[in-house]
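Reviewing the structure listed below.
Read-outs: derived from the displayed coordinates by stated rules, not from any lab. Only a predicted model underlies this, so the values are computations on that prediction, with no experimental measurement involved. Note: ideal-geometry Cβ built from the backbone for every residue, glycine included; neighbour counts use all protein chains shown.
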Amino acid sequence: MMRGVQGIAVMALALMLVGCATQVDRVGTEEVIDLTGRWNDTDSRLVSEEMVQDLLARGWIERHRGQTGEQPAVIVGQIRNLSHEHINTNTFIRDIERELINSGQVVFVAAGGERDAIREERTDQAVHARPDTANPPGAELGADYMLTGTINTITDTEGRTEVAYYQVDLALTSLRDNTRVWVGQKQIRKVIRRGLFRS
Amino acid sequence: MSLPVSGRVWSGTLRPILLVPLLIALSGCAALRTDFAAVERDLARGDAEAALQRLGPLQDSRLNRPLYLMNRGMILRVAGDRAGSIAAFEEAKTRVGELQAVSLSETLAGWTLTETASSYVPPVHEHLMLHVYQMLNFLEQGDLDAARVEALQIDLGLRRVDPRDGEAPDGGDALARYLSGIVFEASREDSDALIAYRKAYHAYRRGGGSVPRDLQQSLVRLTDALELHDERDGYLAEFGIAAWTSQQDLRGRGQVVLLVHDGFAPRLRDESLLVPAPDSGHLIRVALPSLHRRPSGLAGASLGVNGIRHQAEVVERPADTMDRWLSRQMPLLISRAASRNVARYQFTRQVEQDNALLAVLLNVAGALADNADTRSWRTLPDRVWLARLFVEPGIHEVEVLLDGVAGAGGTRTHRISPGGLLVISEHWPGGGSGATAQPLRSRR
């Protein structure tokens, strides 16, 4: 009996004194790695790809071309994080922008903060650049549509198991008359089983 | 080259000899090599840089990493480095999440060796305050959506602790719920705001404290707006409210919320009893923590907007929560202390048969290594005061006053937007830390 207690105490000591060395492995960006079960880069990429595919497959682009003879100009507005996690919506917005630009079917207009920096540069050019190379103000392309959205979550927990349900809603609204030309929704459901023990 | 060590030597003499330095090392394993009294003095002097440097030794302690991060986040916040504070608190939350799983080795060590050999896992009330201060960081930055995330995490965390009612076992959830309500209301989510206000109300009642006047008004206003007339009338009767401003009338206004973080949370002290057993002479040590409060002596605080003064109320008393938490923990701590003494006694009795001197050494080392766990989030305040005012949109002179503290507070001009939420935090370290205190402000 005592030998058992003694052994357990020695084992406890040894386990506590064991250090953990840091190890780094490089992996491809396409590889899916779920460490915590939270929203991650893979979710951001997959959702943006699928939603933009759906956005581009709908009839609003053809209708716009038919009415104006030009490609639609799109701007990404606010995508609000209403979930229970701190999600970097900027990376999600960048993923959407990339997919839209690379599709070649729409013209893309820089959003708020970036626009201010560009305007500042243009003002600077007016003073410092050679006149034949300076870009004048007042020639910006106005967007035809604005993409806005929300990321929501519903969670349910029982013991050490948690189900997290993410819902991303995006809407494309005409800046001319506020009509919605496209609404998309994508859901992700994750089951997270937390371990009972740690080292 | 390997030294031949026979099984007899290992089990008979070598293992106990090795255990002596191990036990001595263990006694300092999770001990706080950081001088927290000096950290508090630095903070009271307004020298956050020095406080951070003093916290340094805690940084590399695997067992104390969450404690380091929580204190670091608080010091950075007080110093006005919100980005740094947010990063520290986020990492702390991740670490605390990882520690929810059980460590067998640490549990065993707690029952057989010492209380301080385990990772610091913050109790529920500290975990809640971690979210509260992160929420305040975001609010002071003007990031309402991120503050809302904290409100949701508070709810999720409390539902994990108490799936039925979402209540904290020792309290400390009242302010968390109250602030969540303010965040939901500012986000124009009235039903979620009312749910959070209701939970705050129940938490105040459960804790035996009075319900803050602003919370009373908020309950009446929102039940009225959501047409819950019976509930509204109940609150009107209970609080003796005759008139209130409707939600409709407040819609276009902005609001200013002042929080005063007053003093430092109580510290835990090691109260040890070391006596020889009457029959065998073996040392018996019972080490338990005791709570020592450090009230700052602040008499009151007020928020003034354009000359109209509004008195702040105490909305959270971390010291009371800690008191309840320690009382609840005490039976378990006493059981573990008894268990460690039994384990030590049996072990030294066995070694005694081979080597009496070694047994004495082991007994002394084991007793010295047995310390009470006195770790806690020391940079938390003793009390939190809150005042809230709804104002017309525009530019306002906002004045903060701490009663009886010369030179504290001040006036600043702020632009309040329609529906906007301006959060001002004033940290008053108080005179209990032994230094001449300076009020420290972090505001949006």
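In degrees, nearest 10, range 0 to 90: what is the angle between the Cα axis of helix B:144-161 and the longest Cα principal axis of chain B?
50 degrees
Enter the mean number of other protein chain beta carbons within 10 Å of the beta carbon of each residue in B:157-163, as an integer.
Details: counts 1, 0, 3, 5, 0, 0, 3.
Average per residue, whole number: 2.
Run the numbers on the stretch B:291-428 and let me know its relative contact order in percent, using alpha-carbon pairs under 8 Å that are six or more apart. Walk me through the numbers before you get to the answer.
Working: 146 pairs, mean separation 50.8, N = 138.
Computed value for the stretch B:291-428: 37 percent relative contact order.
Using only C-alpha positions, report the orientation-averaged shadow area of the convex hull of chain B, nm², one decimal.
On the way: hull surface 101.6 nm².
Over every viewing direction, the Cα hull of chain B projects on average to 25.4 nm².
Other chains near B:107-120: what is the mean number of their Cβ atoms within 10 Å of each residue's Cβ?
On the way: counts 2, 8, 7, 1, 4, 6, 4, 0, 0, 0, 3, 1, 2, 0.
Average per residue, whole number: 3.
Would you kindly calculate the mean projected area, averaged across all directions, of the convex hull enclosing the Cα atoms of the stretch A:96-199, in square nanometres? Let's see the in-between values first.
On the way: hull surface 49.6 nm².
Mean projected area of the Cα convex hull: 12.4 nm².
Kindly state, to the nearest 0.05, the FRET efficiency for B:Glu271 paired with B:Ala37, given R0 = 25 Å and r defined as their beta-carbon distance.
On the way: r = 18 Å, r/R0 = 0.71.
Using R0 = 25 Å, I get an efficiency of 0.90.
In debye, nearest 20: dipole of the protein assembly as shown around its Cα centre with unit charges on the Cβ of K, R (+) and D, E (-)? It would help to have the intermediate numbers written out before the result.
Numbers: 73 positive and 81 negative charges, 352 e Å.
Here the protein assembly as shown has a charge dipole of around 1680 debye.
For the pair B:Gln53 and A:Asp132, how long in nm is the line joining their label points, each one 7 Å along Cα→Cβ?
For the pair B:Gln53/A:Asp132, the computed spacing is 6.0 nm.
What list of ³J(HN,Hα) couplings, whole Hz, do you get for the stretch A:46-61 from phi and the Karplus terms 6.51, -1.76, 1.60, once you set θ to phi - 60° and write x for glycine and proline?
5, 5, 5, 4, 5, 6, 5, 4, 5, 4, 7, 7, 7, x, 5, 5
Using a simple spin-label model with points 7 Å from Cα along the Cα→Cβ vector, what separation in nm is obtained for B:Gln141 and B:Leu357?
6.2 nm
Got the relative contact order for the stretch A:47-124 handy, in percent, Cα pairs under 8 Å and 6 or more residues apart? List each step's numbers first, then the result.
Values: 53 pairs, mean separation 28.5, N = 78.
It comes to 36 percent, rounded to a whole number.
Under 27 Å from the Cα of B:Lys199, which lysines turn up, not counting those fewer than eight places away in the same chain?
Within the straight-line cut-off, B:Lys199 pairs with B:Lys93.
Which trypsin sites (Lys or Arg not before Pro) does the stretch A:25-112 hold that lie in a coil by DSSP with at most 11 other beta carbons within 10 Å?
Values: sites: A:Arg26, A:Arg38, A:Arg45, A:Arg58, A:Arg63, A:Arg65, A:Arg80, A:Arg94, A:Arg98; in loops: A:Arg26, A:Arg38, A:Arg58.
Those that pass, being in a loop and sparsely packed, are A:Arg26.
Over all directions, what mean area does the Cα convex hull of the stretch B:231-291 project, stated in square nanometres?
Taking a quarter of the hull surface, the average projection is 10.2 nm².
Compute the distance in nm between two label points, each set 7 Å from the Cα along the Cα-to-Cβ direction, one at B:Thr107 and one at B:Glu397.
The two pseudo-label positions are separated by 6.2 nm.
I need to check one value: relative contact order of chain B, counting alpha carbon pairs closer than 8 Å and at least 6 residues apart, in percent. Please list the in-between numbers first.
Values: 831 pairs, mean separation 99.5, N = 444.
Across chain B, relative contact order equals 22 percent.
Would you kindly give the portion of the calculated P(r) for the stretch B:156-251 that falls above 23 Å, as a percent of all Cα pairs? Could you put the intermediate results ahead of the total?
Values: 1031 of 4560 pairs.
Everything past 23 Å amounts to 23 percent.
Sort B:Val314, B:Val342, B:Val260 so that the residue with the fewest other Cβ atoms within 10 Å of its own Cβ comes first and the one with the most comes last.
Values: B:Val314 19, B:Val342 13, B:Val260 30.
Neighbour counts put them in this order, fewest first: B:Val342, B:Val314, B:Val260.
Helix B:65-78 against the longest principal axis of chain B: what's the angle in degrees, Cα atoms only, rounded to the nearest 10?
30 degrees
Over 25 Å, how big is the tail of the calculated P(r) for the stretch B:266-379, in percent of all Cα pairs? It would help to have the intermediate numbers written out before the result.
Numbers: 2994 of 6441 pairs.
Percent of Cα pairs beyond 25 Å in the stretch B:266-379: 46.
Using only the alpha-carbon atoms, how far is helix B:174-186 inclined from the longest principal axis of chain B? Give it as 0 to 90 degrees, nearest 10.
Value to nearest ten degrees: 40.
Would you please name the GluC sites (Glu not before Pro) within the stretch B:312-391 that are DSSP coil residues with at most 13 other C-beta atoms within 10 Å of their C-beta? Walk me through the numbers before you get to the answer.
Working: sites: B:Glu313, B:Glu316, B:Glu352; in loops: none.
Answer in residue order: no site qualifies.
At a 10 Å Cβ-Cβ cut-off, how would you order B:Leu215, B:Leu63, A:Leu82, fewest neighbours first? The partial results should precede the final answer.
Details: B:Leu215 25, B:Leu63 20, A:Leu82 17.
Final ranking by Cβ density, sparse to dense: A:Leu82, B:Leu63, B:Leu215.
How long are the three semi-axes of the equivalent ellipsoid for the stretch B:340-436, computed from the Cα gyration tensor as the root of 5 times each eigenvalue, in whole Å, largest first? Intermediate results must be reported in sequence, preceding the final value.
Values: eigenvalues 752, 52, 14 Å².
Value: 61, 16, 8 Å, ordered largest first.
Who wins for biggest fluctuation among B:Glu238, B:Glu167, B:Glu426 in a Gaussian network model of chain B, springs between alpha carbons below 10 Å?
In this elastic network of chain B, the residue with the biggest mean-square fluctuation among B:Glu238, B:Glu167, B:Glu426 is B:Glu238.
Which percent of Cα-Cα pairs in the protein assembly as shown sits in each 20 Å bin, short to long?
16, 41, 31, 10, 2, 0
Read phi for every residue in the stretch B:380-388 and hand back ³J(HN,Hα) as whole Hz from Karplus 6.51 cos²θ - 1.76 cosθ + 1.60, θ = phi - 60°, with x for Gly and Pro.
Working through the residues one at a time gives 5, x, 6, 9, 10, 9, 9, 9, 9 Hz.
Just need log10 I(q)/I(0) for the stretch B:79-197 at q = 0.14, 0.16, 0.22 Å⁻¹, Debye formula, equal scatterers on the alpha-carbon atoms, no solvent, rounded to two decimals.
-0.65, -0.80, -1.23
Name the most mobile residue of B:Ala243, B:Ala38, B:Ala203, meaning the one with the largest mean-square fluctuation, in a Gaussian network model of chain B with Cα contacts below 10 Å.
Result: B:Ala243 has the largest fluctuation of those listed.
Rg and Dmax of the stretch A:155-199, using alpha carbons, in Å: what are they?
My reading of the Cα-based Rg and Dmax gives 18.4, 60 Å.
Under the rule of at least 5 residues apart or a separate chain, name every residue whose amide H is placed under 5 Å from the amide H of B:Ser103.
Here A:Arg198 satisfy the definition.
Hey, what does the equivalent ellipsoid look like for the stretch A:25-128, semi-axes from the Cα gyration tensor as sqrt of 5 times each eigenvalue, largest first, whole Å?
Details: eigenvalues 170, 99, 35 Å².
They are 29, 22, 13 Å, listed largest first.
Specify the residue with the greatest mean-square fluctuation among B:Arg198, B:Arg160, B:Arg62, computed from a Gaussian network of chain B linking alpha-carbon atoms under 10 Å apart.
B:Arg160
What's the magnitude of the charge dipole for the stretch B:126-202 around its Cα centre, counting Lys and Arg as +1 and Asp and Glu as -1 at the beta-carbon? Answer in Debye, nearest 20.
Numbers: 8 positive and 15 negative charges, 36 e Å.
The calculation lands at about 180 debye.
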